[in-house]
Amino acid sequence: MDYLAEKFLKARKIPSTACSGCGLGQVHKKVLLAIDDLGLESADIVWGTGIGCAGRQTFNTWKGDNFAGTHGRVYALATGLRLALKPEQKMILTVGDGDAFGIGLLHLLHAVRRNVDMTVIVADNFGYQSTGGQYGYTTPSGAVTDSSPYGMHDPNWVQDGRDILDILKSAGAGFLARHTSVEGHNAVESIKQAIRYKGFSLVHIIYPCVTNFFGKALGSRKPVDAYRWLKARTNPKQQDIQGITFTTGIYYQSTSERQEFSEQLRGFTERVQKRCQS
Amino acid sequence: MAYEQKNNQPYTVRVYEQGCKECGYCIEVCPRNVFVQANYFNDKGYRPVQVKFPEKCIGCRRCFFACPDFSIDVKQGGKDSL
Ligand code: SF4
Ligand code: SF4
Ligand code: SF4
């Protein structure tokens, strides 16, 4: 394994059990690069994971402390954990699109509402791929999947004027970015800013599921075909691209500071305690 | 067969054969055709990629970013830098 994996990941977990060409490793690596660039060590970060391929393949890989919450519960666990951790300790969560934008969306929104200090990395593979490739909340419109044999008919969170990041922004998220796993330094820079941000931050990263999504949608399980498809739709310069395209970069960065959840609660309990003593 | 890395090359590229899953991304993104696929299998049953022309590498690290399986390192300097 490379120097990054050797430095930060458990040896028995690498190589992972992910399929050949699965883009999750590209996402994982970018997060590690950001951590390394920031000069953070294993003990500085507590790593949380969700369910599905994104959760499973990053689960317990971090050499430092790990925790996991299935089916969208990890944001609620992270909220509680935030109160127990030292304020300077970072929390990074690697979750999937179903976990964050579907089954766990309410928990996610409440973590945003409270401005809980954590960085959520949503590794998006366009649906429920670990169960065979059923459509989800970001499946491109018209895509043939296991559960949409005539094409994706259900409105998703990322097309036709809807954007899930817009909802998170309205709910109070202070730092939001979108990238694809085929990008390089620009994505690492966004992740670094997200980790540095004191409060809730989220980076949405689209990656290729070669086996289930592209196997059905493109009729090819050749990793390079999926890679080229995603590369052609990765759009950092906001060009006019036909069909689904992913505008990448920082989506929103708040200029005013909102008090962080654990700081607010610590301050509040201190005030209450003083009042009770007097 | 293994290809030799030298000490007078500007960059050294290393593929960790046992971690490689034969996805072909490094071959796809490398602008200098540094890689070829081996004709044998690793312990997981994949034909790993080999660094055939290390002296051609320009150190762009595209292969490093593209490899999903933590199986490529690119370092400045000759083979002793790894
Ligand atoms: S099923 Fe898809 S997302 Fe899951 S490990 Fe395989 S390629 Fe990756
Ligand atoms: S660093 Fe660039 S030139 Fe060198 S092997 Fe990797 S992709 Fe090819
Ligand atoms: S990108 Fe990595 S896993 Fe894929 S063929 Fe190259 S070395 Fe092997």
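Here is the figure for the range B:5-39: residues that are out of contact with any Pro (no Cβ under 8 Å at 6 or more places or on another chain) and more than 11 Å from every other protein chain (Cβ to nearest Cβ) total 10.
Residues are listed down the side, and each one gets a yes or a no for (1) among the aliphatic types (A, V, I, L, M); (2) not in a loop (DSSP other than H, G, I, E, B):
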position	(1), (2)
A:230	yes, yes
A:238	no, no
A:251	no, yes
A:258	no, no
A:262	no, yes
A:270	no, yes
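Yes or no, residue by residue, for (1) among the small types (Gly, Ala, Ser); (2) in contact with a His (Cβ under 9 Å, 6 or more places away or on another chain); (3) more than 22 Å from residue A:19 (Cβ to Cβ):
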position	(1), (2), (3)
B:12	no, no, yes
B:38	yes, no, no
B:47	no, no, no
B:55	no, no, yes
B:62	no, no, no
B:79	no, no, yes
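From the list B:29, B:49, B:74, B:15, pick out the single residue that is more than 9 Å from ligand 3 (Cβ to nearest atom) and either aliphatic (A, V, I, L, M) or surrounded by 19 or more Cβ atoms within 10 Å (Cβ to Cβ) (or both). None of the others qualify; the one that does is B:74.
For the range B:56-71, the set of residues classified as out of contact with any strand residue (DSSP E or B) (no Cβ under 7 Å at 6 or more places or on another chain), part of a loop (DSSP other than H, G, I, E, B) and either more than 8 Å from ligand 2 (Cβ to nearest atom) or of a type in the set (Lys, Arg) (or both) consists of B:67, B:68, B:69, B:70, listed by residue number.
The residue pairs whose first member lies in the range A:10-24 and is at positive phi, whose second member is outside any loop (DSSP other than H, G, I, E, B) and surrounded by fewer than 19 Cβ atoms within 10 Å (Cβ to Cβ), and whose beta carbons are closer than 9 Å, counting only pairs six or more residues apart or on different chains, are A:21/A:224. Looking only at strands (runs of 3 or more DSSP E) that lie completely in the range A:26-119, which have at least 2 residues being at negative phi, touching a Leu at 6+ places or on another chain (Cβ under 9 Å) and crowded, with 18+ Cβ neighbours inside 10 Å? Filter on the range A:26-119 gives A:45-49, A:90-96. Here residue A:257 qualifies as acidic (Asp, Glu) and more than 14 Å from chain B (Cβ to nearest Cβ). Only one entry of B:46, B:16, B:25 meets the criterion of being away from ligand 1 (no atom under 16 Å from the Cβ), hydroxyl-bearing (Ser, Thr, Tyr) and at pLDDT 95 or above, and that entry is B:16.
Note on the range A:6-27: residues that are away from ligand 3 (no atom under 12 Å from the Cβ) and out of contact with any helix residue (DSSP H, G or I) (no Cβ under 6 Å at 6 or more places or on another chain) total 9. Looking across the range B:29-48, the residues that are under 20 Å from residue B:18 (Cα atoms) and either within 10 Å of ligand 2 (Cβ to nearest atom) or in a helix (DSSP H, G or I) (or both) come down to B:34, B:35.
The values are calculated or read from the model by the stated rules, or taken from the named source; none is laboratory data. Small disclaimer: the values here were computed from a predicted structure and weren't measured. Virtual Cβ from ideal backbone geometry, glycine too; neighbours counted across all protein chains shown.
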